[in-house]
1. Name the single residue, out of those in the stretch 1-39 being among the β-branched types (Val, Ile, Thr) and farther than 17 Å from Cys53 by Cα, that is surrounded by the fewest Cβ atoms within 10 Å (Cβ to Cβ).
2. Given the conditions (1) touching a Leu at 6+ places or on another chain (Cβ under 8 Å); (2) part of a loop (DSSP other than H, G, I, E, B), report the number of the one that Phe17 does not fulfil.
3. Please state which one of Leu18, Leu81 is within 10 Å of the chain's Cα centre (by Cα) and not hydroxyl-bearing (Ser, Thr, Tyr).
4. Residue under question is Ala42, and the condition is that it be surrounded by 16 or more Cβ atoms within 10 Å (Cβ to Cβ), of a type outside the set (Lys, Arg) and not in a loop (DSSP other than H, G, I, E, B); does it hold?
5. Tell me which residues, restricted to the stretch 48-58, are assigned to a helix (DSSP H, G or I), open to solvent by 40 Å² or more (accessible area, probe 1.4 Å) and either of a type in the set (Ser, Thr, Tyr) or out of contact with any Ser or Thr (no Cβ under 7 Å at 6 or more places or on another chain) (or both).
6. Out of (1) touching a Leu at 6+ places or on another chain (Cβ under 8 Å); (2) touching a residue at least 60 places away in the same chain (Cβ under 8 Å), what's the single condition that is false for Lys76?
7. Return the residues of the stretch 59-86 that are among the aliphatic types (A, V, I, L, M), closer than 17 Å to Arg16 by Cα and outside any helix (DSSP H, G or I); say none if nothing qualifies.
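The values are calculated or read from the model by the stated rules, or taken from the named source; none is laboratory data. From a predicted model like this one, the values you see are computed outputs, not experimental measurements. Here the Cβ positions follow ideal geometry from the backbone for every residue, glycine too, while neighbour counts run over all protein chains shown. What goes into the accessible areas is simple: the full protein's heavy atoms, side chains included, and nothing from ligands, DNA or RNA. Shrake-Rupley method; radii C 1.70, N 1.55, O 1.52, S 1.80 Å.
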Amino acid sequence: MSNTDPFTAIADPHRRFLLEELRRAPKTVNELAEGLPISRPAVSQHLKALLDCNLVSVTAEGTRRIYAVNNRGFDKLNLWLDQFWA
């Protein structure tokens with residue numbers, strides 16, 4: 001497990017966009033890059049940051065890598081936020 005802070009990862013608006021897209025359905029880098037004004041390599045870098053803090057997961061299907069939201073990765077965020085509502 002990485003020590004990357006998930007709050008730092010989601011501070012970037014492009015990463016939040018990626019999470020919103022992945023919430024709807026798993027997608028490839030190419031599919032995700034279509035909705036952003038940044039390059040495909042930049043999308044890959046943002047996905048790596050989200051992977052490092054376990055907010056997304058990736059699976060290989062042949063030569064394609066499919067990214068999806070990792071619900072368990074949000075547990076740390078949820079626990080921290082929930083303390084304000086208890």
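1. Going through the qualifying residues, I end up with Ile38.
2. Checking Phe17 against (1) touching a Leu at 6+ places or on another chain (Cβ under 8 Å); (2) part of a loop (DSSP other than H, G, I, E, B), the one that fails is (2).
3. One residue alone meets the criteria, Leu18.
4. No: the conditions fail for Ala42.
5. Residues satisfying the conditions are Lys48, Leu51.
6. With (1) touching a Leu at 6+ places or on another chain (Cβ under 8 Å); (2) touching a residue at least 60 places away in the same chain (Cβ under 8 Å) applied to Lys76, the lone miss is (1).
7. Listed by number, the residues that qualify are Ala68, Val69.
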